[in-house]
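Structure first, then comments.
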Amino acid sequence: MMHNGKGREQKKEKFSFRSYITFYTRFPIPWWLFIASLAFSLINTEVFLAISKYVIRINKGELYNSVIIGYALLTVLNAAISMGSNICGEYGIQKVTLRARKLLWDKILHLPMREVERRQPSSLISGVVNDITQASTVIHMIFSTVASVYGFVRCCVEMARFNAKLSAYMLLLVPLAIGVFALVGQLQYRMMLRRYESLNTMTEFFSEHISAAKHVKAQAIEDMETEAGLRAIDERYRADVYYAFMEVLQVFSNTLYTSIGSIVIALFGSDMIRKGQMPDTGINDFTTYKGRVDQYQAEVLTHYQTLKGTQGAMQYVGVLQEGPEEDLEDGYDLPESQPEQDIVLDRVSFGYVPQQPVLHDLSLTIPAGKTTAIIGSNGSGKSTLLKLLQGIYSPDSGRVWLGKAAVDEVKLAQLRRRFGCVLQHNPLFSGSVRDNIAYGATGEISDEAIAGAARLADADGFIRQLPQGYDSDVGMGGALLSGGQRQRVAIARMLMSNPDYLLMDEAGASLDHKSDMTIFRTVREHMKNRTIVVVAHDMRSVMEADHIIVLNEGSLEAAGNHKELLGTSPTYRAYLQLQGYTLAGEEVSR
């Protein structure tokens with residue numbers, strides 16, 4: 001099992017800085033929390049300065065009760081204000097993350113199916129779980145920058161008041177700091193982009209391969225999978241090493257700048273002391289203010305680095321958010337269901353991959369109010385045809401008509417609610433049997449309605465034998481049920497929606513023939529006078545259909561009832577013979 005890496009390719013798509021900023025206009029931001037955090041920070045700057053004055057007095061030996069008490073009270077006040085700022089800021093961060101995650105989840109649900117398959121579900125999972133956590137950093141950073149700039153300016157003013165000449169020397173070093181931090185910021189962008197790409201790659205790999213654990217064990221390829229997993233882990237390891245190196249570089253650059261500042265203070269300060277331009281304690285006193293200035297300066301420059309890093313981390317989310325989206329309410333209202341209206345495909349061509357069509361100029365009619373069976377070899381387009389009927393995909397050319405309504409022009413939400421669909425493998429969700437049967441149903445749902453749907457699906461018997469009956473947990477993906485039991489629950493869920501059109505794609509593949517035919521006949525009776533489309537390989541089900549369509553390599557070979565196809569379709573006759581039927585004119589025996 002090889003990881004194809006398509007998810008990583010998606011992360012290389014272009015995401016402009018403007019798009020990065022625009023992302024934050026798509027959901028409400030709790031500005032008041034960040035404004036409150038800013039207000040606390042601005043107040044704390046003044047407290048810092050007041051504490052600095054007390055520190056200078058203490059360094060000079062002024063250990064009076066009033067000085068010590070004042071210093072202690074301001075220190076406690078500083079801690080309390082910092083706590084208030086952090087509470088507001090962190091709460092705001094979590095609010096932004098929550099809303100951004102909801103926005104991304106909604107976007108994922110409205111992606112066109114082609115886009116979901118192109119990006120892979122595992123990549124989308126990684127985006128909503130991992131990448132989106134960086135969304136709140138930018139908002140917090142904006143307000144923190146304002147507070148840091150204010151603190152930097154105020155401390156520079158106080159430092160200049162103490163000693164303007166030495167302050168001027170210090171400000172000459174600011175361009176050096178900006179240059180160093182700008183360089184580190186650019187590297188930070190690449191580092192965060194690489195780190196999140198590796199995290200997504202690892203998440204995608206394990207999401208995909210752990211879900212295939214049964215296949216791995218069945219083939220006894222644990223050792224091979226271990227090696228593949230180690231490669232994904234190693235990718236993350238290398239990214240983390242790079243990240244650690246960048247953090248060390250950032251600390252080094254900050255330490256280097258601070259050390260240069262200390263050297264400048266020592267050189268020029270000592271000269272000023274010798275000349276009587278500054279008291280003997282002047283260097284210590286000035287260093288106190290310089291420490292505050294360095295702190296705020298480092299914060300301002302670090303915010304830039306954070307911005308670049310977050311831009312890298314949010315690359316995939318931004319590209320995804322700006323991508324295509326289905327509007328389920330776009331188009332005109334679908335007319336009320338009319339049983340006499342056929343489903344018509346008019347010269348439809350479609351391919352999942354460009355230049356590789358699955359359906360070729362296909363024209364056919366699915367008669368209203370009847371059961372139509374579709375047969376054909378693997379890859380002939382049977383399942384694809386059903387997806388086109390629901391608007392899951394749009395034809396590359398041609399049109400699908402539901403009565404007089406063109407499928408590509410009606411509201412998708414209304415169209416899809418008309419259809420019920422049962423596949424060969426149907427997803428169940430963690431929760432009870434009851435929850436899974438009721439999933440997707442609207443209005444008030446009674447226990448009797450759920451039990452009634454289960455009886456039609458021949459599921460009521462086994463459900464009542466479960467430890468907690470309808471309240472029994474099915475496990476993730478229905479893992480606590482057998483394949484046949486999962487299929488019956490899925491059929492019951494479909495019947496709960498009471499669709500106008502029923503699509504069954506190898507729905508009986510997990511069932512024994514007796515159960516399959518029993519359910520099939522029961523469902524047909526329940527859906528009497530409604531349109532049913534069945535994709536099946538078992539010719540016993542096919543022969544019972546009112547209308548049969550034979551596809552051959554994406555084209556229509558023949559259509560008609562059983563007797564008509566015996567004379568017009570070589571594929572139909574071949575299928576019967578492969579399953580042990582003997583043909584004699586219009587007579588079929590086994």
Value at 222 nm in deg cm²/dmol, rounded to 500, when DSSP H runs of n ≥ 4 in the chain each add -39,500 (n - 2.57) | -20000 deg cm²/dmol
Per-peptide average of other Cβ atoms within 10 Å, ordering 498-505, 567-574, 413-420 highest first = 498-505, 413-420, 567-574
How large is ³J(HN,Hα), in whole Hz, for each residue of the range 410-419 in order, when computed from phi with the Karplus curve 6.51 cos²θ - 1.76 cosθ + 1.60 and θ = phi - 60°, using x for Gly and Pro?
-> 8, 5, 4, 4, 5, 4, 5, 5, 6, 9
Non-local residues with an amide H under 5 Å from the amide H of SER555, with H modelled 1.01 Å from N and Pro and chain starts lacking one, are HIS360
Give the peptides 318-325, 547-554 in descending order of average Cβ contacts within 10 Å, highest first.
-> 547-554, 318-325
Quick one: which residues, 5+ away or cross-chain, put their amide H under 5 Å from the amide H of VAL533? H built at 1.01 Å from N.
-> THR372, LEU502, LEU503, MET504
Enter the angle in degrees (range 0 to 90, nearest 10) between the Cα long axis of helix 135-162 and the first principal axis of the Cα atoms of the chain, meaning the one along which they spread out most.
-> 10
Using θ = phi - 60° and the Karplus form 6.51 cos²θ - 1.76 cosθ + 1.60, what ³J(HN,Hα) does each residue of the range 466-472 get, whole Hz, x for Gly and Pro?
-> 5, x, 10, x, 5, 8, 5
GLU326's amide H: which non-local residues (gap 5+, or another chain) put their own amide H closer than 5 Å, with H modeled 1.01 Å from N in plane and none for Pro or chain starts?
-> LEU111
Can you tell me the Rg and the Dmax, both Å, for the Cα atoms in the range 10-321?
-> 24.9, 87
Got a sec to turn the phi values of the range 266-282 into Karplus ³J(HN,Hα) couplings, 6.51 cos²θ - 1.76 cosθ + 1.60 with θ = phi - 60°, whole Hz, x for Gly and Pro?
-> 4, 5, 6, x, 5, 5, 5, 5, 4, 8, x, 8, 8, x, 4, 8, x
Before anything else, pin down the relative contact order of the range 47-129: Cα pairs under 8 Å, at least 6 apart, normalised by residue count, whole percent.
-> 23
Could you give the angle, 0 to 90 degrees to the nearest 10, between helix 447-456's Cα long axis and the longest principal axis of the Cα atoms of the chain?
-> 50
Could you rank the peptides 65-72, 366-373 by their average count of other C-beta atoms within 10 Å per residue, with the highest value first?
-> 366-373, 65-72
In degrees, nearest 10, the alpha-carbon axis of helix 483-496 is tilted away from the dominant principal axis of the alpha carbons of the chain by 90
Using the eigenvalues of the Cα gyration tensor, what equivalent ellipsoid semi-axes result for the range 394-474 when each is taken as the square root of five times the eigenvalue, whole Å, largest first?
-> 34, 14, 11
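Any read-out appearing in this document is the output of simple, stated calculations on the displayed coordinates, not a laboratory observation. What you see is a predicted model; the values in this text were computed from it and never measured. Heads up, the Cβs are rebuilt from the backbone with ideal geometry, glycines too, and the neighbour counts pull from every protein chain shown.
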